[in-house]
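As structure tokens, the structure follows; a few thoughts come after it.
The values are calculated or read from the model by the stated rules, or taken from the named source; none is laboratory data. Given the structure is predicted, the values throughout are model-derived calculations rather than measurements. Every residue, glycine among them, receives a Cβ derived from its backbone with ideal geometry; neighbour counts consider all protein chains shown.
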Ligand code: GLN
């Protein structure tokens, strides 16, 4: 058992990266904001935050981060992707902008903004497999709707739809755990990162 804190990167193109950084530090991790390819060096875990998936992908392309990020995740880097982060990784994106494509690393088809616009944001108590204890407060803000899943394992549903999925080293969520005080899903990443 190691006793130093694992180093977790938070993709910081735009979106909710500051909230994830705080949640990770409160969960016992060291953190680094990832703004270019050099920032991936030495990471033991990664968060792809919520925000705007189109902007995030465009900015990653611009700074040359898209391919190195793909390689890092494909190489097994423990990853937590939330909301826009899930869209960025998806195999198929509908209602995307300008022929928006996901990176194809997560075997799901998602509909962007499938739960409606900002005013349709909601909270729901979710049973997340493997978390133990009480339900998890799911905060949904213009979240992607999972329309079909392939090899990804569904670990939570809401009204019959998958809202949390695991596939290998990736945990992908339609909701925003960084906006609650429940740290269990960040702790899950910290644990996976320290076991790596
Ligand atoms: N609707 C946003 C997108 O398409 C995601 C919303 C979010 O991350 N809260 O990227």
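For region 105-131, give me the residue count where each residue is without any contact (Cβ under 8 Å) to a residue 12 or more places away in the chain and either part of a strand (DSSP E or B) or touching a strand residue (DSSP E or B) at 6+ places or on another chain (Cβ under 7 Å) (or both).
Residues flagged as without any contact (Cβ under 8 Å) to a residue 12 or more places away in the chain and either part of a strand (DSSP E or B) or touching a strand residue (DSSP E or B) at 6+ places or on another chain (Cβ under 7 Å) (or both) within region 105-131 amount to 0.
Given the residues 96, 102, 51, which is the only one that is within 15 Å of the ligand (Cβ to nearest atom), in a loop (DSSP other than H, G, I, E, B), within 12 Å of the chain's Cα centre (by Cα) and more than 20 Å from residue 196 (Cα to Cα)? Break it down into steps so the answer makes sense when it comes.
Values: 96 fails: within 12 Å of the chain's Cα centre (by Cα); 102 fails: within 12 Å of the chain's Cα centre (by Cα).
After applying the criteria, what remains is 51.
How many residues does region 54-80 contain that are under 20 Å from residue 5 (Cα atoms) and within 16 Å of the ligand (Cβ to nearest atom)?
2
Going residue by residue through region 80-91, is there one that turns out to be modelled with pLDDT under 95, over 21 Å from residue 35 (Cα atoms) and either in contact with a strand residue (DSSP E or B) (Cβ under 8 Å, 6 or more places away or on another chain) or crowded, with 22+ Cβ neighbours inside 10 Å (or both)?
Narrowing region 80-91 to residues modelled with pLDDT under 95: none.
No: region 80-91 contains no residue that is modelled with pLDDT under 95, over 21 Å from residue 35 (Cα atoms) and either in contact with a strand residue (DSSP E or B) (Cβ under 8 Å, 6 or more places away or on another chain) or crowded, with 22+ Cβ neighbours inside 10 Å (or both).
Tell me, please, whether a residue that is away from the ligand (no atom under 16 Å from the Cβ), modelled with pLDDT under 95 and closer than 26 Å to residue 25 by Cα can be found in region 145-164.
No, region 145-164 contains no residue that is away from the ligand (no atom under 16 Å from the Cβ), modelled with pLDDT under 95 and closer than 26 Å to residue 25 by Cα.
From the set of residues in region 8-24 that are in contact with a strand residue (DSSP E or B) (Cβ under 6 Å, 6 or more places away or on another chain) and within 16 Å of residue 187 (Cβ to Cβ), which is nearest to the ligand (Cβ to nearest atom)?
Among those residues, the one meeting the criterion is 20.
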